[in-house]
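Just below is one structure, and these are the notes that go with it.
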Amino acid sequence: MPQLSDATRGRVLLGGDYNPEQWPEETWYDDVRLMKDAGVNSVTVGVFSWARLEPRPGVHDFGWLDRLLDLVHGHGIGVVLATPTAAPPPWLGRLHPDTLPVDEDGRTEWWGGRQHFSHSSATYRRHAAAITEALAARYGGHPALTMWHINNEYCTYDHGDEAAARFRGWLRDRYGTLDALNTAWGTAFWSQGYGDWEEILPSRRAHYLKNPTQVLDFRRFTSDMLLECYTAERDIVRRHTPHIPVTTNFMPLWFGQDAWRWAGEEDVVSVDLYPDPRDPYGAQEGALVQDLTRSQARGPWMLMEQATGAVGWRDVDQPKPRGLNRLWSLQAVARGADAVCYFQWRRSRQGAEKFHSAMLGHAGEHGRVFQEVKRLGADLATLGPRVSGTRIEADVAVLHDWHSWWAGTQEARPFAHADLPVVLRAWHRALWEAHLTTDFAHPTHDLSRYRLVAVPQLYLLTDAAVDNLLAYVHGGGTLVCGFLTGIADEDDRVRPGGMDARLRGLFGIRTLHEWWPLPAGGTVPCDGFRGTLWSEELEADGTADETVPYRGGELDGLPAVLGKGRAWYLSTLPEPEALRTLLTRIAEGAGVRPVLDGLPDGVEAVRRGDALFLLNHGRDEVTVDVPGTHRDLLTGEVADGSVVLGRYGVAVLSS
Ligand code: GLA
């Protein structure tokens, strides 16, 4: 199978979405000159070019793209060629209204924006296949082509009639019989029993609470339909160019796609990442998405899009202050990226995203942003040969599963404040601040290479996943689980006793009497710290080695935290420092060490291959003690025992 290294060829790619059709051709010459100046070696072309490539049904205009590809190739720049199927041309919707998606209220989403396609529409799929076929046939042999980029940020829903028909087919495949479906969905509740497949609908507007398993299955179905759209196009380009890697760009921690499953269908896993520069936890948000993407890729991955500054869709939309773009880009490289790309190369003057920043802003080549991009280009050219293709070893895995997220995020639940992303971020942040390098994994993955497995929240656990967790602990691994784990089975049916019995036994819990969710901002006192979001009325079975009790209030004296051998259970979310302290202690017990001891606040350390990345997320100069003598790969300077990092400074030390 082709892979990212076939495109990088020992470099770290720098580039971005390039939309030359928005500009007169003379501008293209300026573009390639400035790309060369900045060290750009890759452009992603054609993402939204369908109307330009096929202005009328079956009539193609490839001349401009021929000229463009030849031009960039002549300047040594590779092309990630996109299929344009995320933005069908207006004629498709007008001639074939069945290609348009329908929302849960039955309203059509019209053309005039983008992503107005129904994943279930046979007509859409036919036209998408045809333009993909035409592109692959024409450009499969072009020497500029380094990668295929299918569609863009698959994220749509469809509740229309064609989607309903496909949903029924999907359910037939899953359940076989209506009896099995009725059992899985618990349709005895509220007179929902189905007597004919035709009665089953997508998850459309209802008067009151919807059947949660129907909603869960509709989310599964939607992810699968989008995946069918992706694989159909992928298979076309693969047939023409089996040696060229294929990707589609994920959104970060996006609810709508089972990204584990999707990643298995990609040659290159890529992601778009837009932390808010004003967010004090922006760097951690980046680290989380980077760790997740690297884990999905099982190695180097591609940062397909980021912004040099403002994005145009935030209420207060500030640019990145000087140095932050470089810092966050090198953070991605530290965490395994072999490509650092942007939306987009040249900032648009028209259209919905004219206020979205770009590598080349409205201020032009003398603007601060472009000058900073040039500096990054120089850094990546220096680092590329040393880090490209190298890997990151983690002793800790955080478990995440989309099906559990989908099942847990429903109406009528007592835990609206304890949403999975909130809890997941809190746990990852604790590990990140403790400098414990962290992978992500699916609950059924082989976990045996990790010393510590952390489960912030897995509301739904299949039997196979429970087996896997138990086998992991029995095999010598250390497991720490948060509340709302192991509550439901595959069909979102609550497990007997309210929580999986084998997990209860593992942690030393006899009975989970009641959940006591906390009001927003509320806390619960525990021995030595305060819990947030959640608490539980637990009865221990007396087998735990260590218990941290609640103190005061209704739960006084009951266990908040239980540790039994190598298995730990947290029935609340300790405040950040307490969570960090607790997870660090558990990690130490499992033999996990931080990347470096004694790091100053705000400094992140990551080892990638034989390089040690030190990243200062603060604006003040800091001195980092690093035992031994090292060379900074970025500056060539020798660091003897310590290294000084300025505002947003980065050092990459070779050992
Ligand atoms: C996404 C899209 C891009 C662009 C950016 C803007 O990542 O893929 O086309 O719209 O957002 O932030």
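Things to note:
- Pairs with Cβ under 8 Å, 6+ apart, first in the stretch 360-383 and touching a residue at least 40 places away in the same chain (Cβ under 8 Å), second open to solvent by 60 Å² or more (accessible area, probe 1.4 Å) and not aliphatic (A, V, I, L, M): GLU365/ASP37; ARG368/ARG322; VAL369/PRO319; GLU372/ARG322; LYS374/ASP37; LEU380/ARG11; ALA381/ARG11
- Residue satisfying condition, being at pLDDT 95 or above, open to solvent by 30 Å² or more (accessible area, probe 1.4 Å), more than 24 Å from the chain's Cα centre (by Cα) and at positive phi, within set GLY323, GLY351: GLY351
- Restricted to the stretch 41-92, and to residues there that are outside any strand (DSSP E or B) and among the charged types (D, E, K, R), the residue that is least open to solvent (accessible area, probe 1.4 Å) is GLU54.
- Every test in (1) assigned to a loop (DSSP other than H, G, I, E, B); (2) in contact (Cβ under 8 Å) with a residue 60 or more places away in the chain is passed by ASP98 save one, and that test is (1).
- Checklist (1) farther than 21 Å from VAL455 by Cβ; (2) in contact with a strand residue (DSSP E or B) (Cβ under 7 Å, 6 or more places away or on another chain) applied to THR532, failing item: (1)
- Of the residues making up the stretch 576-627, just one is buried (at least 17 other Cβ atoms within 10 Å of the Cβ) and acidic (Asp, Glu), namely GLU604.
- Looking across the stretch 260-305, the residues that are within 16 Å of the ligand (Cβ to nearest atom), small (Gly, Ala, Ser) and either out of contact with any helix residue (DSSP H, G or I) (no Cβ under 6 Å at 6 or more places or on another chain) or farther than 23 Å from GLY15 by Cβ (or both) come down to SER270, GLY282.
- All strands (runs of 3 or more DSSP E) inside the stretch 426-535 with 3 or more residues being open to solvent by less than 10 Å² (accessible area, probe 1.4 Å) and under 30 Å from GLN284 (Cβ atoms): 438-441, 452-455, 478-482
To keep it simple, each residue is scored yes or no on (1) open to solvent by 40 Å² or more (accessible area, probe 1.4 Å); (2) away from the ligand (no atom under 16 Å from the Cβ); (3) not in a helix (DSSP H, G or I).
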{"site": "ALA307", "(1), (2), (3)": "no, no, yes"}
{"site": "ASP315", "(1), (2), (3)": "yes, no, yes"}
{"site": "PRO319", "(1), (2), (3)": "yes, no, yes"}
{"site": "LEU327", "(1), (2), (3)": "no, yes, no"}
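- Test: residue in the stretch 367-374 that is assigned to a helix (DSSP H, G or I), within 16 Å of the ligand (Cβ to nearest atom) and either more than 18 Å from the chain's Cα centre (by Cα) or not charged (D, E, K, R) (or both): yes
- Residue within the stretch 210-229 that is hydrophobic (A, V, I, L, M, F, W, C) and either open to solvent by 20 Å² or more (accessible area, probe 1.4 Å) or assigned to a loop (DSSP other than H, G, I, E, B) (or both) present: no
- Residue in the stretch 93-144 that is surrounded by the most Cβ atoms within 10 Å (Cβ to Cβ), counting only those that are among the basic types (Lys, Arg) and within 23 Å of GLY351 (Cβ to Cβ): ARG114
- Of all residues in the stretch 166-205, those that are of a type in the set (S, T, N, Q), in a loop (DSSP other than H, G, I, E, B) and either in contact with a Gly (Cβ under 9 Å, 6 or more places away or on another chain) or open to solvent by less than 40 Å² (accessible area, probe 1.4 Å) (or both) total 3.
- Of all the residues in the stretch 379-393, those that are over 26 Å from the mean Cα position of the chain (by Cα) and loosely packed, with under 14 Cβ neighbours inside 10 Å number 1.
- Whenever a residue of the stretch 304-326 is under 22 Å from VAL43 (Cα atoms), its partners that are assigned to a loop (DSSP other than H, G, I, E, B) and away from the ligand (no atom under 14 Å from the Cβ), lying with C-beta atoms within less than 8 angstrom and at least six residues away or across chains, give the pairs THR308/GLY361; GLY309/GLN318; GLY309/GLY361; ALA310/GLN318; ARG326/TYR648.
- Considering residues of the stretch 278-305 that are assigned to a helix (DSSP H, G or I) and acidic (Asp, Glu) only, the residue most open to solvent (accessible area, probe 1.4 Å): GLU285
- Which numbered condition GLN344 misses (of (1) assigned to a strand (DSSP E or B); (2) within 16 Å of the ligand (Cβ to nearest atom)): (1)
- Criterion (touching a residue at least 12 places away in the same chain (Cβ under 8 Å) and within 16 Å of the ligand (Cβ to nearest atom)) met by exactly one of ASP31, ASP17: ASP17
- Considering TRP406, TRP345, the condition of being in contact with an Asp or Glu (Cβ under 9 Å, 6 or more places away or on another chain) and either within 30 Å of VAL473 (Cα to Cα) or open to solvent by 10 Å² or more (accessible area, probe 1.4 Å) (or both) is satisfied by TRP406 alone.
The values are calculated or read from the model by the stated rules, or taken from the named source; none is laboratory data. All values derive from a computational prediction rather than experimental measurement. Methodologically, a virtual Cβ is constructed for each residue, glycine included, from the backbone with ideal geometry; neighbour enumeration extends over all protein chains shown. What goes into the accessible areas is simple: the full protein's heavy atoms, side chains included, and nothing from ligands, DNA or RNA. Shrake-Rupley method; radii C 1.70, N 1.55, O 1.52, S 1.80 Å.
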